[in-house]
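*Asks:* Next up is a structure, given as structure tokens.
Values quoted throughout were computed directly from the atomic coordinates according to the rules given, and no laboratory measurement underlies them. Since we're looking at a predicted model, the values are computed, not measured. Every residue, glycine among them, receives a Cβ derived from its backbone with ideal geometry; neighbour counts consider all protein chains shown.
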Amino acid sequence: MNKLYIEGNKKLNGNVLISGSKNAALPILFMTILTKEKIEISNIPKLTDISIAIKILRSLGIKIVNKNKTLYIDPSVINISCPSYNLTNKIRASIWMLSPLLTRFGKAKIFFPGGCKIGCRPINLHLKGLIELGAKIVENENYIIASIQKPLQGKYIYMEKVSVGATITIMSAAILARGLTIIDNAAKEPEIIDVAKFLNTLGANITGSGSNKIYIKGVLKLHGGFHKIIPDRIETGTFLIAAAISQGLITCYNTEPKHLTNVLKKLSETGAKIQTGKDWIKLDMKEKKPKSVNISTSPYPGFPTDMQSQFTLLNSISSGKSVIIENIFENRFSYVTELIKMGAKIEIKNNYIICKGIPKLYAKNLFSTDLRGSATLILAGCIAKGITVVNNIHHFKRGYESFLKKLNKLGANIQYINNNFSIF
Ligand code: EPZ
């Protein structure tokens, strides 16, 4: 069943337990290729992207046992097969197996990665970094072949553009290279810090992660270890928006407030009352009408592009006019036409939108096109007047663990329906 039936006019209140971070767990899973010793990773979110990554690793011969959100991984035996196109092409994260396979076997062949259609999503910075460390790269229209004649050599690498993915690729290639690698203008996301922490647990020598300069001193080999994935900051932000748009009160537990400084600042500007503790964030918008806020996305610690669509929804039912500028991806407004169908007053310019808040959205038959946009449309259905149907719901399952169960526990009423159901 690929459709949802969502009752509107809901106020969302209560407590929600945040799951492990998709964008930390995915690279960390592929980094296990770098060692032959056993690894235990806990707080793994139950998501389709994660199960695809596990399928890819198992197709390489890696043994993985999945018990209560903990993975017991034995990467001692890996065959150098090229994982299938239809798995590799499903997720963006599969690019992160290139450098560990290259490092472990001296060569690697992988199909091009997939991922949300929010832009053309090139991998030139990943490949450029590997070449600078001494790899030979051959590309054709379907796959990449990387090879090395001698061990990779540490280098100073300046990233012409801040890239989460390429920072991780280069960091993972430098771990077992000869000498010191410096990644300058590196991405600073919390997920990068978590990947570096995991690799250091296995015996790597990485310092500076979370700053714009990461230092990696090559080591001879890695051992095994245990790691717990950090909380998902974007899932947290999405549930805080759920309270803000429905004049509700929601507390997110098992989260990390310091990963959301910029998002919490913007939420306070809307008039929400925010309280935080060591591992929880409470947002209270009871009986309050939110004020709209201007947003301009940028690399961490700037405003996260993965929270852009959720704030557009908030602005569409807030008082006042607002501008949302998307500076990271070139095609991340596809959900806006669906909000306009619901009555939202939004003008799409090239990389920005102008939003004029209205009192109410109206239920419609909606089509989601990417992960964060699909979560946004589901939230829109929870507050719209009437019954909303959201199609193509496989998108949200990629990045939100038990999303419907968590929302229904907060007061939503969302059901799966079969494809021939229609009320419009
Ligand atoms: C990661 O994508 C996340 N995905 C994205 O989350 C997130 O939005 C993004 O980082 C930015 O924070 C995962 O971690 C699986 P980038 P990634 O490399 O690594 C350009 C979600 O919803 N670029 O930081 O693909 C690129 O086109 C997803 O959870 C190049 O030009 O993002 C973009 O404009 C969506 N060449 C910018 O850099 C390259 O080789 C930032 O991309 C690589 C990237």
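*Asks:* Under 8 Å for C-alpha pairs, at least 6 residues apart: give me the relative contact order for the chain, rounded to a whole percent.
*Replies:* 21 percent.
*Asks:* For the stretch 1-160, what is the relative contact order in percent, using Cα pairs closer than 8 Å and at least 6 residues apart in sequence? Working shown, then result.
*Replies:* Working: 231 pairs, mean separation 28.0, N = 160.
It comes to 17 percent, rounded to a whole number.
*Asks:* If neighbour count is taken as other Cβ atoms inside 10 Å, put LYS341, LYS405 in order from fewest to most.
*Replies:* With the fewest neighbours first, LYS341, LYS405 line up as LYS405, LYS341.
*Asks:* With n ≥ 4 as the cut-off for DSSP H runs, can you work out [θ] at 222 nm for the chain, using -39500 (n - 2.57) per run divided by the number of residues, rounded to the nearest 500?
*Replies:* Dividing the helical sum by the residues of the chain leaves -8500 deg cm²/dmol.
*Asks:* Let me ask you something else. Run the numbers for ARG58 and ASN185: contour at 0.36 nm per residue of separation, minus the present Cα-Cα distance, in nm.
*Replies:* This chain segment gains 42.3 nm when fully extended.
*Asks:* Under 1.5 on a/c is rounded, so check that first for the stretch 218-348, then, if it is not, pick prolate when a/b is larger than b/c and oblate when it is not; a ≥ b ≥ c are the square roots of the alpha carbon gyration tensor eigenvalues. Please list the in-between numbers first.
*Replies:* Working: a/c = 2.50, a/b = 1.47, b/c = 1.70.
Judged from the Cα gyration tensor, the stretch 218-348 comes out oblate (a/c at least 1.5, b/c at or above a/b).
*Asks:* Which shape class applies to the stretch 322-401: rounded if a/c is under 1.5, otherwise prolate when a/b exceeds b/c and oblate if not, where a ≥ b ≥ c are the square roots of the Cα gyration tensor eigenvalues?
*Replies:* oblate
*Asks:* Moving on. Nearest 10 degrees, 0 to 90: what angle lies between the long axis of helix 164-174 and the longest principal axis of the chain (Cα atoms)?
*Replies:* Tilt of helix 164-174: around 20 degrees.
*Asks:* Under the Karplus relation 6.51 cos²θ - 1.76 cosθ + 1.60, θ = phi - 60°, what is the ordered set of whole-Hz ³J(HN,Hα) values for the stretch 144-158, x standing for Gly and Pro?
*Replies:* 10, 10, 10, 8, 9, 8, 9, x, 4, 10, x, 8, 8, 10, 9
*Asks:* A follow-up question, please. So what's the angle, to the nearest 10 degrees on a 0 to 90 scale, between helix 22-31 and the longest Cα principal axis of the chain?
*Replies:* Between the helix axis and the principal axis of the chain, the angle is about 10 degrees.
*Asks:* Report the label-to-label distance for ASN327 and SER402 in nanometres (one decimal), using points 7 Å from each Cα along the Cα→Cβ vector.
*Replies:* Between ASN327 and SER402, the label points sit 3.8 nm apart.
*Asks:* What nm value, rounded to one decimal, do you get for the distance between ILE131 and ILE387 when each label is placed 7 Å out toward the C-beta?
*Replies:* It is 5.7 nm.
*Asks:* Let me ask something else. List the longest stretch of the chain that has no exposed loop site; here a site is one of the GluC sites (Glu not before Pro) assigned by DSSP to anything other than H, G, I, E or B, with at most 11 other Cβ within 10 Å.
*Replies:* Excluding the exposed sites themselves, the longest stretch runs over 1-140.
*Asks:* In nm, to one decimal, how far is the GLU141 label point from the ASN89 one, both placed 7 Å along Cα→Cβ?
*Replies:* For the pair GLU141/ASN89, the computed spacing is 1.2 nm.
*Asks:* Per residue, what volume in Å³ does the Cα convex hull of the stretch 263-410 take up?
*Replies:* On the way: hull volume 17.6 nm³, N = 148.
Expressed per residue, the convex hull around the Cα atoms of the stretch 263-410 is 119 Å³.
*Asks:* A further question on this structure: When 1/r is averaged over all different Cα pairs and the result inverted, which Kirkwood radius in Å belongs to the chain?
*Replies:* Working: mean 1/r = 0.0452 Å⁻¹.
Averaging 1/r across every pair of different Cα atoms and inverting gives 22.1 Å.
*Asks:* Please arrange PHE239, PHE226, PHE112 by how many other C-beta atoms lie within 10 Å of their C-beta, fewest to most.
*Replies:* Listed from fewest to most nearby Cβ atoms, that is PHE226, PHE112, PHE239.
*Asks:* Have a look at GLY277, SER298, THR369 and report the one farthest towards the positive end of the charge dipole of the stretch 274-424, computed about the Cα centre with Cβ charges (Lys/Arg +1, Asp/Glu -1).
*Replies:* GLY277
*Asks:* Given the options SER209, SER268, SER21, state which has the largest fluctuation in a GNM of the chain using a 10 Å cut-off (strictly under) for Cα springs.
*Replies:* SER268
*Asks:* So if I place +1 on the C-beta of Lys and Arg and -1 on the C-beta of Asp and Glu, and nothing else carries charge, what would the dipole magnitude of the stretch 85-244 be about its Cα centre? I want it in debye, nearest 20.
*Replies:* Approximately 440 debye in magnitude.
*Asks:* Next question, about the same structure. Students often forget the sequence filter, so: which aspartates and glutamates lie under 15 Å Cα-Cα from LYS63 once same-chain residues fewer than 8 apart are removed?
*Replies:* GLU37, GLU40, ASP74
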